[in-house]
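No value in this document is a laboratory result; all are computed from the given coordinates. Not measured: the values here are computed from a predicted model. Backbone-built Cβ (ideal geometry, glycine too); neighbour counts: all protein chains shown.
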Amino acid sequence: MFYFALAFTTAWVIYFLYLFYLHRHLAELQKRLRARENENRP
Amino acid sequence: MRNVLLYITGALILISTWLCTTAAAVAPPDRNIVYVHVPAAISSLVCFAAVFVCSIQYLRTERRLWDFTAAASAEVGLVFATVFNITGMIFAHAQWGTWWTFTPRLVSSAALWFLYAAYCLLRTALAERYYMRRLSAVFGIIAFTDVPLVVISARFIRDIHRPGVTFETALQTSAFILAITAALLLAAVLVLMRIDILQAKAKLETKTEPDS
């Protein structure tokens, strides 16, 4: 059971790390979009 | 539609987690790894098959959506390949007392990880986007040659890695099938999210509608 718990925890840590990586990309895109909107504002 | 898929994936993951924990608790130690290791392996191989198909389609049609899908599938496939390689090493230590041994299945699985890591690095390495996309597509087709090796290596070559798995109870079988379904749905959701990000980035950078 210990090895299963270790494998399970490792798997989910990796999945959440990837989700965090996607979240950072999204945050960067939102920042760039807001900057573009501010540029276009008269 | 995307939100429905997300909620279904979340629900399936929760149910399969509960079921796998219950089924794993009653399974012998050499069985319970399959609930984590095998779904990750299957999802990664499906993602790499998607990279292969999308790369061919991109070279044929030069539509950027194929390129975005290939890139997204490669990244998500690499994540699942990382999981199945690491969980495989954990189980190797539990079963055989060593973290690693040079057998066809393990070596081809490790090679698979390095090939798709190289694919992801290639996409960031070239500044000229057109050549980057074409070169990545060619590399994606070549890298797929390792996938059949991973699949058949344990079945046709003498290997310490078990070629298949059997279950004794319906609970274990259903936990296994549900875990595979949940992993495949999670892979699909992650690929779709990544494609959205790539398309939005392309829109921002070119300031025109991307080729769809």
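Hey, in the GNM for chain B with a 10 angstrom Cα cutoff, which one of B:TYR116, B:TYR35, B:TYR130 fluctuates hardest? Most flexible of the set in this elastic network: B:TYR130.
Largest GNM mean-square fluctuation among B:ARG129, B:ARG64, B:ARG194, using chain B with Cα springs under 10 Å: B:ARG129. Remark: relative contact order (chain B) = 35 percent; criterion is Cα-Cα distance under 8 angstrom and separation of 6 or more residues.
Between B:TRP96 and B:LEU204, what FRET efficiency comes out of the Förster formula 1/(1 + (r/R0)^6) with R0 = 41 Å and r the beta carbon distance, rounded to 0.05? Approximately 0.25, to the nearest 0.05. First measure r as the distance between the Cβ atoms of A:LEU22 and B:ASN3, then evaluate 1/(1 + (r/R0)^6) with R0 = 22 Å and state the FRET efficiency to the nearest 0.05. So, using R0 = 22 Å, E works out to roughly 0.85. In a GNM of chain B with a 10 Å cut-off on Cα contacts, which of B:GLY88, B:GLY77, B:GLY97 has the highest mean-square fluctuation? Largest GNM mean-square fluctuation: B:GLY97. Farthest toward the positive end of the dipole of the stretch B:56-182, out of B:VAL107, B:THR82, B:ILE142, is the Cα of B:ILE142, where the dipole comes from beta carbon charges about the Cα centre. Extent of chain A along its three principal axes (Cα atoms, max minus min coordinate, largest first): 63, 7, 5 Å. With the convex hull drawn around the C-alpha atoms of the protein assembly as shown, the volume per residue stands at 139 Å³.
Dipole magnitude for chain B: about 260 debye, using +1 per Lys or Arg Cβ and -1 per Asp or Glu Cβ, origin at the Cα centre.
Which whole-number percentage describes the relative contact order of the stretch B:103-201, with Cα contacts under 8 Å and a sequence gap of 6 or more? Could you put the intermediate results ahead of the total?
Values: 41 pairs, mean separation 32.0, N = 99.
With pairs under 8 Å counted, the relative contact order is 32 percent.
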